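Just so it is clear, none of the values below were taken in a lab; they were calculated from the coordinates. Predicted model only: the values in this text are computed from it and were never measured. Using ideal geometry, Cβ is built from the backbone for each residue, glycine included, and neighbour counts are taken over all protein chains shown.
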Amino acid sequence: MKMGFRWYGEGNDTVTLEQIKQIPGVETIVWALHDMAAGDEWPMEKILEVKKSADKYGFNLDVVESVNVHEDIKLGLPTRDKYIENYKKTIEKLAKVGVKVICYNFMPVFDWLRTDLYKKTEDGSTALFYEKARITDIDPMELVNKIASNPDLTMPGWEPERLKNLTQLFEAYKNVTEEDLWNNLKYFLEQIIPVAEINDIKMAVHPDDPPWSIFGLPRIVKSRNDLARLLKLVDSPYNCLTLCSGAIGSNPNNDVPAMIREFGNRIAFAHIRNVKIYENGDFIETSHRTCDGSLDICDIVKAYHEFGFTGYARPDHGRHIWNEQCRPGYGLYDRALGIMYIWGIWDTLQRTK
């Protein structure tokens, strides 16, 4: 297992590469060009700027999260082909700096959804929180304004330029079914995967977060059956998964360790985090420790260890602890603690083989 840490770039992250370097076992930064609009071809000079920063601290650039998929591709519009061509060119450029995995998603409009970015917990920390009842009656624009309220720390998937046309986006998806979305994903993968194969880059789809429909929008990467269907759309070892335990695991019907054991050879990237799920459907992100949430992180790490996982992993969202001022979910302290918890389980399993 190769450990990474998500980093938003120079001047765009409260966490520095110098700090990340001091977390044991971190080999790669998980990065992206966050100022690039979905559908744009990434310029080589900007890619090389990130490489220069990473090289200074001995990090590789093996994992990109994300090269965002333009909505026209998800909608299956005639304009999708030009955006797919840009995507192919970006893949070719990323290969030149050693990228091995591209994490992406196929969620309409919203990449992820929470109703509170700083929910206070019993121990005084705050965390990302999803309140099911609020989604049924909240205006989506209210959420957009809330999540985009800090222009200095933009949230991935909630970029203001993308969501300023929210009304038009909802109208565009009004008659799009889940089967339509499946067909559009198949078309995208049929175009992209051959280029990924040539450039030795695995395309690793992230599950829907949360794994159910929101605001009536279609969602198709929500369950074990969805993962199995997705891998068959283009049966290639380069058509892979980003198995996010917290995203797909927020539905208690999803057995995350079982999915890892079933799809292990097609998991290119592991997001490991815990959530506490409440009976009413709410959930909050907790520390990584198994007893603090509803997911068995010990068994999740064990499932990866059983088949000798050699792909990439990162601690996913952390709480905000010790008064850290940071991008919601992406501070230094709790994610560093998460890494050490994951390594503790992994190292113990190594010694007891």
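Looking at the structure I just gave you, is residue 300 surrounded by 17 or more Cβ atoms within 10 Å (Cβ to Cβ), touching a residue at least 40 places away in the same chain (Cβ under 8 Å), farther than 19 Å from residue 22 by Cβ and not aromatic (Phe, Trp, Tyr)?
Here the answer is yes, as residue 300 does meet what is asked.
Anything in the range 241-254 that is surrounded by fewer than 24 Cβ atoms within 10 Å (Cβ to Cβ) and either in contact with a helix residue (DSSP H, G or I) (Cβ under 7 Å, 6 or more places away or on another chain) or on the phi > 0 side of the Ramachandran plot (or both)? List them, or say none.
Matches in the range 241-254: 254 only.
Name the single residue that is surrounded by the fewest Cβ atoms within 10 Å (Cβ to Cβ) among those in the range 12-51 being out of contact with any helix residue (DSSP H, G or I) (no Cβ under 7 Å at 6 or more places or on another chain) and among the hydrophobic types (A, V, I, L, M, F, W, C).
My answer is 48.
Answer yes if at least one residue in the range 69-82 is hydrophobic (A, V, I, L, M, F, W, C), within 25 Å of residue 270 (Cβ to Cβ), in contact with a helix residue (DSSP H, G or I) (Cβ under 7 Å, 6 or more places away or on another chain) and surrounded by fewer than 21 Cβ atoms within 10 Å (Cβ to Cβ), and no otherwise.
Looking for residues that are hydrophobic (A, V, I, L, M, F, W, C), within 25 Å of residue 270 (Cβ to Cβ), in contact with a helix residue (DSSP H, G or I) (Cβ under 7 Å, 6 or more places away or on another chain) and surrounded by fewer than 21 Cβ atoms within 10 Å (Cβ to Cβ), one finds none in the range 69-82, hence no.
Yes/no per residue for (1) more than 25 Å from residue 304 (Cβ to Cβ); (2) not basic (Lys, Arg):
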site	(1), (2)
4	no, yes
36	yes, yes
56	yes, no
66	no, yes
72	yes, yes
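Matching residues to (1) more than 26 Å from residue 341 (Cα to Cα); (2) among the acidic types (Asp, Glu):
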residue	(1), (2)
1	no, no
8	no, no
11	yes, no
16	no, no
20	no, no
33	yes, no
45	yes, yes
51	yes, no
68	yes, no
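For the range 264-278, which residues satisfy the criterion of being surrounded by fewer than 19 Cβ atoms within 10 Å (Cβ to Cβ) and part of a strand (DSSP E or B)?
Within the range 264-278, 276, 277 qualify.
Residue by residue, here is whether (1) closer than 24 Å to residue 247 by Cα; (2) not small (Gly, Ala, Ser) holds:
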residue: 3; (1), (2): yes, yes
residue: 11; (1), (2): no, no
residue: 46; (1), (2): no, yes
residue: 57; (1), (2): no, yes
residue: 78; (1), (2): no, yes
residue: 90; (1), (2): no, yes
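Six or more apart or on different chains, Cβ atoms under 6 Å: show the pairs whose first residue is in the range 45-64 and closer than 25 Å to residue 205 by Cβ and whose second is among the aromatic types (Phe, Trp, Tyr).
50/31; 63/312
Please determine whether any residue of the range 72-89 is in contact with a strand residue (DSSP E or B) (Cβ under 9 Å, 6 or more places away or on another chain) and free of Cβ contacts under 8 Å to residues at least 40 places away in the same chain.
Checked the range 72-89: no residue is in contact with a strand residue (DSSP E or B) (Cβ under 9 Å, 6 or more places away or on another chain) and free of Cβ contacts under 8 Å to residues at least 40 places away in the same chain.
I'm trying to understand the selection: among the residues of the range 279-317, which are touching a strand residue (DSSP E or B) at 6+ places or on another chain (Cβ under 8 Å) and assigned to a loop (DSSP other than H, G, I, E, B)?
Scanning the range 279-317 gives 282, 286, 288, 293, 294, 295, 309, 310, 311, 316, 317.
Name the residue, out of 265, 280, 251, 323, that is more than 29 Å from residue 117 (Cβ to Cβ) and over 16 Å from the mean Cα position of the chain (by Cα).
265
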